[in-house]
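For reference, the structure is listed below as structure tokens.
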């Protein structure tokens, strides 16, 4: 199995310590090759020393293809035989349109294509556009390349896809600076109140039985935590009147395979944690490693008799404390601006989206999607309108109760 974290944990410098050859201009020796899922082996080999975000890892792409039978297109920009950038996308149908997007759809956040950081400074806008032109030639059925929730930079290296025309994503991503350790973080983030609440929660858990924080270290534990998470999330989405993006069997199988595969890595690139109280899981988080950044990809709490104790907040406290102890620089709550994240976060990350039409149909679709993104941004950036929207969703679902504070419902 390719170590999906090799490019992040100090190995990138060692893997790339040979001097880089000058990159040809986009009018010279640069070439683009396009393949289907048969090219996954080459993609995995490139990822062994490339820079990429978790949702662009070889493990993510391979397991998504295996479990969903996705129609994959891989476009690679080469300097001679040396890959400089590789874009792995899935092709999906939306009405009369075919769209190429990051594998995983809404599950893929903080995106950054696999790239050789030594060569990125030499890749210009025409070179990136040549990748799109090659996709259009190889797959004339694709109307639009939709690249959403793109990181502006990774490890301080600018996202090469920023060379394409884009616009801000509707949703902010929030994170917390772990510099100085956990005590320093609490000194900046209402630490006395957080510690007091944590002690109070501990007493409440002890009053009903034993409690423990667990990490999935076997395939059986992966299944146990994910079974609980899927059940929690289904109940939550039903309450909020939101479609369950974790509801499909193939999506659930993908996450089972992704987190199980990570167990074979020395430093697992995907991690599951849970809070168990009185023998029952009350909160679950799924995370990914990205260099010195630990990213919370998803989380959920049980809507039961202990929900009032905010088990999600308790688990985040412990997760963030451990992230500090392990030397991470940033704890990333990923996409979504929610009050429980604001209790911790002091960093806002503005992702960006790129819509690249390849056909006339694609141009029409892109125009509509841009308008939709503007409308969504207006709603979510206006607290009054966003609160009203969530209230109407709950009423439509037959739920008048307010949302719990410890989960993202964006």
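Taken over the Cα atoms of the range 11-164, the convex hull encloses 106 Å³ per residue.
Stretched out fully, how many nm does the piece from residue 318 to residue 38 gain, at 0.36 nm a residue minus the Cα gap?
96.6 nm
Given R₀ = 56 Å, what would the calculated FRET efficiency be for residue 31 paired with residue 375, taking r from the Cβ atoms and rounding to 0.05? It comes to 0.90. At full extension, residue 198 and residue 227 could sit 7.8 nm farther apart than now, given 0.36 nm per residue minus the alpha carbon distance. Annotation: peptides 264-277, 193-206, 169-182, ranked by per-residue average of other Cβ atoms within 10 Å with the highest first, follow the order 264-277, 169-182, 193-206.
Between residue 348 and residue 266, the simple spin-label model (points 7 angstrom out along Cα→Cβ) gives 4.0 nm. Can you give the FRET efficiency for residue 252 and residue 78, using 1/(1 + (r/R0)^6), R0 = 35 Å, r = Cβ-Cβ distance, to the nearest 0.05? It comes out at approximately 0.45.
With Cα atoms defining each centre, the range 114-134 and the range 77-98 are spaced 12 Å apart in the structure. Take every Cα pair under 8 Å whose residues are at least 6 apart in sequence, average their separation, divide by the length of the range 11-164, and the relative contact order is 26 percent.
One decimal place: the segment residue 215-residue 120 gains 30.5 nm when fully extended, by the rule 0.36 nm per residue minus the C-alpha distance.
Coordinate-derived values only; no laboratory data. Owing to the predicted nature of the structure, the values given are computational and were not obtained by experimental measurement. As a convention, Cβ positions derive from the backbone with ideal geometry for all residues, glycine included, and neighbour counts pool all protein chains shown.
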